[in-house]
1. Test ARG347 against the criterion of being touching a residue at least 40 places away in the same chain (Cβ under 8 Å) and under 23 Å from the mean Cα position of the chain (by Cα), and give yes or no.
2. Kindly indicate the residue of the stretch 150-167 that is in contact with a strand residue (DSSP E or B) (Cβ under 6 Å, 6 or more places away or on another chain) and crowded, with 24+ Cβ neighbours inside 10 Å and also nearest to LEU429 (Cα to Cα) among those meeting that condition.
3. What are the pairs, 6+ residues apart or on separate chains, where a residue within the stretch 361-376 that is more than 30 Å from ASP329 (Cβ to Cβ) and of a type in the set (D, E, K, R) has its Cβ under 9 Å from a residue that is assigned to a strand (DSSP E or B) and open to solvent by less than 10 Å² (accessible area, probe 1.4 Å)?
4. For ILE70, work out the one condition from (1) surrounded by 24 or more Cβ atoms within 10 Å (Cβ to Cβ); (2) farther than 30 Å from LEU412 by Cα; (3) of a type in the set (A, V, I, L, M, F, W, C) it doesn't fulfil.
5. Go through the stretch 359-380 residue by residue and tally those that are outside any loop (DSSP other than H, G, I, E, B), open to solvent by 30 Å² or more (accessible area, probe 1.4 Å) and over 11 Å from SER108 (Cβ atoms).
6. What tally of residues in the stretch 60-88 results from selecting those that are part of a loop (DSSP other than H, G, I, E, B) and under 29 Å from GLU335 (Cβ atoms)?
7. Quick one: in the stretch 84-116, which of the residues that are of a type in the set (Gly, Ala, Ser) and closer than 20 Å to GLU313 by Cα is surrounded by the most Cβ atoms within 10 Å (Cβ to Cβ)?
8. Given the conditions (1) assigned to a helix (DSSP H, G or I); (2) open to solvent by 10 Å² or more (accessible area, probe 1.4 Å), which single one is not true for PRO147?
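The values are calculated or read from the model by the stated rules, or taken from the named source; none is laboratory data. This structure is a prediction, so every number in the text was calculated from the model and none was measured. Positions of Cβ are generated from backbone atoms using ideal geometry, with glycine treated the same way; all protein chains shown enter the neighbour counts. What goes into the accessible areas is simple: the full protein's heavy atoms, side chains included, and nothing from ligands, DNA or RNA. Shrake-Rupley method; radii C 1.70, N 1.55, O 1.52, S 1.80 Å.
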Amino acid sequence: MFRLNLGLNRRELLQVGSLSALGVNLLDTFRQPAQAAQPKKEVNCILLWLLGGPSHIDMYDMKPEAPSEIRGELTPISTRVPGMELCELMPNLAACADKFSLIRSMHSYSPTHGQGDFHLMSGNKLTPAINPPGFGAMLTWQQERRPRQTPPFVQVGKLDSPQYGDPGFGGYLGRTYDPFVVERDPNSSSFAVNEFSPPDSVSVERLSDRQQLLTALDQYQARKEKQLEFAKTHEQFRARALSMVTSQRAKNAFDIAQESDQVREQYGRNRVGQGLLLARRLVEAGVRFVTVKGYVRYGWDHHPEVFPRLRTEVPPYEQGYAALLNDLDQRGMLENTLVITAGEFGRTPRLNNDPRAPGRDHWNRCFSLTLGGGGIKTGIVLGASDKHAAEITDRPVSVPDYAATVYHALGLNPQAELRTLDDRPMLALPEGKVITELI
């Protein structure tokens, strides 16, 4: 951390200048790599993260002919797409199944929470030495070079792992590329994001006065630091951050109360539905990547009571997801908005004997996820599993393959060279091949 002779570091100076903690994060957000390149077209992304690992055999890849200890209590229903059946709890998704594609042959290296989260949210493995940056961080690093009035990367809800930390964050790129996290429940009647408004005691004019003071201090530090890179670029970052803090566009984007009651009901008056509606508003306002916490009560780690918990979690998931796809389509936004729903793995095909009620444990050898929008071909069912949804029998798709497809849709360069925090060279995505059936 660079320091001035005044005895204050930059964070303290910004707090003195009433730019708030958000201002600090936004300053970091605008540090851009010289090698970042603009894609041919700008594609945004909404990732609905099904924290805990949803049960593929009870939702996307049902086996009604299997024994009861395998198939469980739920039954499949037909959809608009021939050959694609979904769980009976998903009527809204069944009606718009032509707007997404389903991969039934995913596999990953780890059945462990945290490790699986990092893997699915970045395409790279988490190791003691490497904390991989998520898709949103990579998009920001490679593409976000021009000024914006909204953060480029937002996360709705906390998704941290007690053992492994925050998946999908900046990782070895540094905290510069972490998302702006909205911890409050967007379904709450008191929901508000106040970081984009100056404190009541500080007017925009006073912020401008503080900006002039910070400019003078920066010029002083730049002379003392002999024009180090940080000093040369910090003025630009600070000016952009101030613009964002006072941006009416950012304030409006987070004001979900501007939506009609009818639209809010369509998405579902719960954490998931309103989180997805907020994500649509954010993308519409210029946010490039939004991760949404995808459960209302239990999460998807259903070791006990898998069927009661699925009956709680699946309806808001499928209602909100279907509403988002239909809304994006009606607004002409689906072609440039990639929508992903995924968790870190699937669940064991055989039910366990948990004393609270049967559940399913972790299963990484075969699971499912969905992608739609952003130029991805839709209405496709890719891959297949055996009669118990335990092993892949057709078209295996690795996590790096899925990640390479996300990179392709977003216009990212998988061969871009980065430097870790200890200055080691790394490729953005060293493994994985694009899923050609989806592009």
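1. Yes: the conditions hold for ARG347.
2. PHE153
3. Short answer, once both residue conditions are applied: ASP361/ARG347; ARG365/GLY346.
4. So the condition that ILE70 fails would be (1).
5. Matching residues across the stretch 359-380 total 0.
6. Count: 8.
7. By that ranking, first place goes to ALA97.
8. (1)
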